Every structure is written in structure tokens, then in C-alpha cells.
Amino acid sequence: MAASLAWRSSGAWARVPSAELPKRGVAEKSSVLLVVAQKKAKKVRKIILKEDVEMVGKQGDMLDVKAGFYRNYLLPLGKAQIVTPLLLKEMKIEDERIEAEKKRVKEEAQQLAQIFQTVGSFKVKRKGGKGKQIFGTVTAQDLADIIKAQLQRDVDKRIIELPEIRETGEYIAELKLHPEVTAQVKVNVYAN
């Protein structure tokens, strides 16, 4: 019984018994190549972007993109990487580290807010005018300097929100220490 080699859909050569081959009236010594259709090649790649790519996605996004786009554009420019189990593990560790850092920053902001609330009020001296009027205004920079002098803490003037202060009296300023944490402090303005 004669057998021939045939390409199978599994992607390997296999011996096919001659009984399964089509009968053609050809001499038995000739070989027949049986071709079976295969599935099309995978044409998408699962990738992770290393940086923002316009019209595609942001850094860290996991996407399915066409193989040619990855091979011809993203890979040569170093903008993406093929997803691997090791890469997924590294990303998970990095995400955990970032979350821990965010939590630590928020806790520091809450502690600083607690310190500001226990202080009571900050006193600001200004040259006085008629009645309750003062010369000039009290600015966020003035309050930041007073906080640094009294508490030895550097506070950026951009996080301080003050009402317009042109008279002596007691005012409340808000310090935005974190997107979720604000502290309110009293500011006593008096003339000397």
C-alpha cells in the first residue's frame, strides 16, 4: 500500500495512506500533493503603549492593533511593546507602587491639615489707615511667609485661597493641600 506526504491544516506534513488519495489513473509511483486550506494568519497584536500616541491611546493603554501598524510604525519608534506575562506582572507592580505613593501623599496632606487646624489663627500686621482700613492688601504670599516663620513648613502660595483683605478683622483662608484634602485657617489682620 502506497502512502504520500500531505500538508494538513495543523501545519505539519503527514503521511496519507493511498486509499484516501483520489484515484486518477496515474502510475502508482507518482506522488500526489494534497493541499488543505489553512486559517489566515493572526493580523492583530495585543500591545501596551509606552507613550501617548495621537488618535491611538495614552501611555499604559492595552490595545489590539493591526500587525502592520505595530511592525511598521509603533515598534520602530519605540512607542509600544507586545504584551507578555512578564510585562503584565511588571505593570501590576508599578500600579501598586503608584497607588501606595498616592495614599502616602494623601495621608501627609491630612496630617498637615490637622496641624493647621490645631494652630488656631495666624496674625498679620499692616499699617493702618482710617477706621478699619489698612494700606495695601494681605496676599497669599504674605500668608505663606507667616506659615513658614511660625511652623517651619514651606507652603506654595498657589494652594492658598484668600478673600480680598483690605480691612482689619478675622478672615478664613483655604489651603488646598491635595485634590481631596483642604484645610481652613484663620487669619487675624490688625493695624499697628
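Find the relative contact order for segment 45-192 and round it to a whole percent, using C-alpha pairs within less than 8 Å whose residues are 6+ positions apart.
Contact order relative to length: 20 percent.
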Within segment 136-192, what whole-number % of the accessible surface is contributed by carbon and sulfur, with the 1.4 Å probe and all protein chains included in the calculation? 43
Which of Lys46/Lys102; Lys125/Lys148; Lys103/Lys186; Lys58/Lys79; Lys127/Lys148; Lys46/Lys89 have a Cα-Cα distance over 20 Å? Lys46/Lys102; Lys103/Lys186; Lys127/Lys148
Mean projection area, nm², convex hull over Cα of segment 54-192: 12.7
What percent do you get for the relative contact order of segment 91-171 when only Cα pairs under 8 Å and 6+ apart count? 24
Grab the eigenvalues of the alpha-carbon gyration tensor for segment 82-141, scale each by 5, take roots, and send me the semi-axes largest first in whole angstrom. 51, 15, 5
Candidate aspartates and glutamates for bridging to Lys92, where Cα separation is under 20 Å - those fewer than 8 sequence places away on the same chain excluded: Glu51, Asp52, Asp61, Asp64, Glu101
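Heavy-atom accessible area per residue, segment 31-90, 1.4 Å probe: how many Å²?
Details: 4680 Å² over 60 residues.
Result: 78 Å² per residue.
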What accessible area, in Å² to the nearest ten, does a 1.4 Å probe give for Glu90? 100
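The values are calculated or read from the model by the stated rules, or taken from the named source; none is laboratory data. Since the model is a prediction, treat every value here as computed from it, not as a measurement. All accessible areas refer to the heavy atoms of the entire protein, side chains included, with ligands and DNA or RNA removed. Shrake-Rupley method; radii C 1.70, N 1.55, O 1.52, S 1.80 Å.
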